[in-house]
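No value in this document is a laboratory result; all are computed from the given coordinates. Since this is a predicted model, take the numbers as computed values, not measurements. We place every Cβ from the backbone using ideal geometry, glycine too, and count neighbours over all the protein chains shown.
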Amino acid sequence: MPARPLYELAAGFNALFDLVLDETMDLELLEEGLQSIECALEEKCAGGIALIKSLEAYAEAYRKEEKRFEAQRQILENRIKRIKEWYRQNLDAMGKTKVPTKYGVMSVQKNGGKQPLKIDDAALIPEAYLVTVPAHKEVNREALYEALSGGEEVPGARLEPRGRSLRIK
């Protein structure tokens, strides 16, 4: 992040620059600050351009930082998933479902919600489970799920076992 404005700002505009960067600043105060700068129109417009371009540079720097933080967050979230999966697999291998610790309880349990529906081959799904969408047919997943949940055999689809996940409380 640039330490100061990229453009040379007149004294009044330097104060405005600092004011804009203050997150608690009231917008009315900004307008008052703009009105309070007394100079020739050309100078005031030049100062406004320099202020805007400096603030745009700050905004761009924030955008770049957001992307960098987003990438770092994604990396951390993926590593957390990997660690949780490691613990889940190892606790399963030991036959443990719950381990109390001084930091919390680590437990392995079935995922809630509906059982995952896996469509192996949509071409084999009977017409009764297809919906017509303009230009093509799609599988009616809800009807297919209900049929499979009710014990019906449907070619091309099956219910998969619920997954397991690690919870830390």
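Given the alternatives (i) 2.09; (ii) 1.31; (iii) 1.02, Rg/Rh (Cα atoms, Kirkwood Rh) as computed for this entry is given by (ii). Other residues whose C-beta falls under 9 angstrom from the C-beta of SER165 contribute a net charge of +4, scoring Lys and Arg +1 and Asp and Glu -1.
Exposure proxy shown here: for TYR62, TYR103, TYR87, TYR129, the number of other Cβ atoms within 10 Å sets the order, fewest to most, as TYR103, TYR62, TYR87, TYR129.
For the stretch 5-105, applying the loop criterion from DSSP together with a ceiling of 15 other beta carbons within 10 Å to the trypsin sites (Lys or Arg not before Pro) yields LYS96, LYS102. Ranking ALA122, GLY150, PRO161 by how far each Cα lies toward the positive end of the dipole of the stretch 117-163 (charges on Cβ) leaves PRO161 at the top. Each of GLN109, THR132, LEU41 was scored by the projection of its Cα onto the charge dipole of the chain, and the greatest displacement toward the positive side belongs to GLN109; charges sit on the C-beta of Lys, Arg, Asp and Glu.
In terms of the Cα gyration tensor, with a ≥ b ≥ c the square roots of its eigenvalues, is the stretch 11-69 rounded because a/c is under 1.5, prolate because a/b exceeds b/c, or oblate? It comes out oblate by the Cα gyration axes. Given +1 at the Cβ of Lys and Arg, -1 at the Cβ of Asp and Glu and no other charges, the dipole of the chain around its Cα centre is 1980 debye to the nearest 20. Dipole orientation for the stretch 11-69: of the candidates SER54, LEU16, LEU29, SER54 has the Cα lying most toward the positive pole (charges on Cβ; Lys, Arg +1; Asp, Glu -1).
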